[in-house]
Amino acid sequence: MTQDLLIRNASAILTGLPGAAGRAVGGDLRVRGGRIAALGALAPEPGERQLDATGCVVYPGWVNTHHHLFQSLLKGDPQGLNATLSPWLVATPMRLRPRMNAHEFRLAARVGLVELALSGCSTVADHNYHYWPDMPYDSSAILFEEAQRLGLRFVLCRGGGTLARAPAEGLPAASRPETLEGFLGDLERLVREWHDPAPDAMRRVVAAPTTPPHSMRPQELRETAQAARALGLRLHSHLSETVHYHDMVHQQHGMKPVHFCESIGWLGPDVWFAHLVKLDEDEIALLGATRTGIAHCPQSNGRLGSGIAPVRQLEAAGAQVSIGVDGAASNEAADMISETHAAWLMQRARAGQDALAVHRGGGGEGDAAATTVEDVVRWGSAGGAGVLGLDAVGTLAPGMAADLAIYGIDRDPRYFGLHDPAIGPVASGGAADLRLLLVGGREVVREGRIPGLDLAELGRSSREAVQALLARC
Ligand code: ZN
């Protein structure tokens, strides 16, 4: 049930709003009926429950816009650890995913969701491509059930596709492609069973063929976009994670990846792509002009040696920016504090990498440090809600859903000596000291624990599941 309470005396409140509004004035915040009622310097009302946030900072709950939860049992696989994207795909997810059973899939989802919740994440969009013809269980339902169990908002990006990367006859059943009718039929079923179009929905469905040039033929991608829009659904996929996408789309269609997406109706404010690391200037302009979104995944892009996405250039051009952790098989720190910490550092690193000396006609050090913690908080909260179309989620402002994280900065020496407490969780990184996570005013995490969850038992089950999975391979 939702809790009405007054959060008092926070050292700082970051709101997720742009500009000066990114920091609230005053350290109090009132929650009423699952929504934020007021911020500022607030006097308690008679009988009102109070929570003393002295020594704490308050952020909006994080919105993770790209994940593959099934990979939460595939961390650090030695066969794919030191590989770039294409060989890693073959070595790890393509090898191990088809061998996972329903129990392992559920356990992986639970591990990933718990990890996110403990970092202060309140909304998770999972790009699930665990589908094949006549599969014996419903992976979509498992994901919704696990998110519901924890009380997190969940957006199912229904992946899969009609093309296989190898001849279908030689593939295990779980690697076989679907038909377009099968894909679209299941999408319609998922909408009937789970989709809520409300601006503060707890459950949404998105059409998300796994990777446009790999997963479906152009005409099928066009039909999928039309069918999704007719159902009121958004579109999501991977794009331009490495230079390989440019080679492949150039070879297949004689154009650049973003132009290919334009040609099949896959750009617009209702579309967001994970990665977008390798973009030419004209592609950035096109993504910006169409208000297409990005799920920026800096840790996975670093782990796989893909590069650093031009996030600030995209935002300046008009694109919507959000942050995703990506699957844990390419990111052994798939929590939102690690991810946003990396985003802050890597956007600065990229700008510094691009800097040119003045005597060579450049701008010198220029604005390489211009990405602020407030930017990163905004991308990871309001930006995420924006690409997902959850208009009543993502910022700490009156009337918005009470999705918020309270972090302590008074117990861990990592924060001692910090001049500006507001930046602590993102700038200092590390394990968050999460005192409270509310989702729609409901308590999900208290004092770093999820009530009713035996974390040691989850760890034991996970180790056993990994051993069982490997024994079958
Ligand atoms: Zn991904």
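The values are calculated or read from the model by the stated rules, or taken from the named source; none is laboratory data. Owing to the predicted nature of the structure, the values given are computational and were not obtained by experimental measurement. Quick reminder, even Gly has a Cβ in these numbers, built from the backbone with ideal geometry, and neighbours come from all protein chains shown. Protein only, heavy atoms only, side chains kept; ligands, DNA and RNA dropped before computing areas. Shrake-Rupley method; radii C 1.70, N 1.55, O 1.52, S 1.80 Å.
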From largest to smallest, what semi-axes in whole angstrom does the stretch 93-169 give when each is the square root of 5 times an eigenvalue of its alpha carbon gyration tensor?
25, 12, 12
What residues have an amide H closer than 5 Å to that of I323, excluding those fewer than 5 places away on the same chain, when H is modeled at 1.01 Å from N in the peptide plane?
T65, H296, G384
Using a 1.4 Å probe on heavy atoms of the protein chains only, the accessible area for D410 in Å², nearest 10, reads 80
So, with a 1.4 angstrom probe, what is the percent of accessible area on the chain that is carbon and sulfur?
53
Excluding the sites themselves, what is the longest stretch of the chain that contains no chymotrypsin sites (Phe, Trp or Tyr not before Pro) in a DSSP loop with at most 13 other C-beta atoms within 10 Å?
138-415
Can you work out the Karplus-derived ³J(HN,Hα) for every residue in the stretch 60-67? Use 6.51 cos²θ - 1.76 cosθ + 1.60 with θ = phi - 60°, whole Hz, and x for glycine or proline.
x, x, 6, 10, 8, 9, 7, 8
Taking Rh as the Kirkwood radius, which is the inverse of the mean 1/r over Cα pairs, what is the Rg/Rh value for the stretch 62-388?
0.95
Skipping prolines and chain starts, which residues have an amide H placed within reach, meaning under 5 Å, of the one on R23, given they are 5 or more residues away or on another chain?
T15
Quick one: net charge around V258, please, counting Lys, Arg +1 and Asp, Glu -1 for every other residue with C-beta under 9 Å from its C-beta.
-3
Which length gain, in nm to one decimal place, applies between Q79 and A38 when the Cα-Cα distance is subtracted from 0.36 nm times their residue separation?
9.6 nm
Filter the GluC sites (Glu not before Pro) in the stretch 417-472 to those in DSSP coil with at most 15 other Cβ atoms within 10 Å of their Cβ, and list the result.
E447
quick note, the chain, DSSP beta bridge pairs, % antiparallel (nearest 5) is 40
Phi-derived 3J(HN,Hα) across the stretch 145-153 with the Karplus relation (6.51, -1.76, 1.60, θ = phi - 60°), rounded Hz, x for Gly and Pro, is 5, 5, 5, 5, 4, 7, x, 9, 6
Cβ-Cβ FRET estimate between D280 and D52, R0 fixed at 56 Å, reported to 0.05:
0.60
Around D375, under 11 Å between beta carbons, what's the net of Lys plus Arg minus Asp minus Glu among the other residues?
+1
Per residue, how many Å² of accessible area does the stretch 62-388 show with a 1.4 Å probe?
35
Based on alpha-carbon centroids, what's the gap between the stretch 29-53 and the stretch 385-450 in Å, whole number please?
16
Cα extents of the stretch 162-221 along the three principal axes, largest first (Å)
43, 23, 17
Estimated Rh, the stretch 149-258: Kirkwood, alpha-carbon pairs, angstrom:
15.2
What percent does the relative contact order of the stretch 62-388 come to when contacts are Cα pairs within less than 8 Å and at least six residues apart?
20
Inter-site label distance for H419 and Q148 at 7 Å from Cα along Cβ, in nm
5.0
Work through the residues other than E193 whose Cβ is under 15 Å from its Cβ and net out their charges, Lys, Arg +1 and Asp, Glu -1.
0
Between A230 and D134, what's the calculated FRET efficiency when r is the beta-carbon distance and R0 is 30 Å? Round to 0.05.
0.70
Using the basic label-point model (7 angstrom from Cα toward the beta carbon), what is the D354 to R23 distance in nanometres?
2.7
Output for the stretch 12-87: trypsin sites (Lys or Arg not before Pro) sitting in coil per DSSP, at most 14 other Cβ within 10 Å, listed by number, reads R49
